[in-house]
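Visitor: The structure follows.
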Amino acid sequence: MGKNWIFPNLKMKKRYPSILSGTLNLLEAARHAVVLALPGHPWCYREHEMFSLAIPLLTYTWKAEIFHPWIPDVHYAAVDPPCDRHPMGFPLDAELAADHLIERHRRLLLESEQVRQHRADLAQFKFDATNTPCSIALDLFHLCACSA
């Protein structure tokens, strides 16, 4: 069975009207060629879940508040609509943002699966390298030193 093109999609919404459980969500996401991650709650990072599993990601350009920046179009397929953003990250001009998401998705359709997977593999490698106990301890130390 081939991969569906984007997750979540309208078919998923009909099939799972309530919020998917964590495991079911990740299993379903892995069946798709690309995962769409839109900004939401400031403490919810679907991006990190997808990075950890090497699942290709399409999302707005974002900046994590950590010392290991994620690089747009290297670690994930980036969309950067030219408009102001809400503090949580979503563009304030929804129509313009949707147009840019659609255009970027069309460009993803032209990429080979190997190119998309290579981007996801780079993200997984970075995720694994920067989420060791030592790396997290160093980040916490820097945060404490910066706030003192």
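Visitor: Using 7 Å Cα-to-Cβ label points, what is the LEU143/ASN131 separation (nm, one decimal)?
Guide: Here the answer is 1.5 nm between the modelled labels.
Visitor: All other residues with a Cβ under 15 Å from the Cβ of ASP93 taken together, and with Lys, Arg as +1 and Asp, Glu as -1, what is their net charge? List each step's numbers first, then the result.
Guide: Numbers: positive: ARG85; negative: ASP80, ASP84, GLU95, ASP99, GLU103.
It works out to a net charge of -4.
Visitor: Oh, and also: GluC sites (Glu not before Pro) within region 59-133: which are DSSP loop residues with at most 11 other Cβ atoms inside 10 Å? Mind showing how you got there, number by number?
Guide: Values: sites: GLU65, GLU95, GLU103, GLU111, GLU113; in loops: GLU65, GLU111.
For GluC sites (Glu not before Pro) across region 59-133 that sit outside H, G, I, E and B with at most 11 neighbouring Cβ atoms in 10 Å, the list reads GLU65.
Read-outs: derived from the displayed coordinates by stated rules, not from any lab. Quick caveat, the model's predicted, so the values are computed rather than measured. Backbone-built Cβ (ideal geometry, glycine too); neighbour counts: all protein chains shown.
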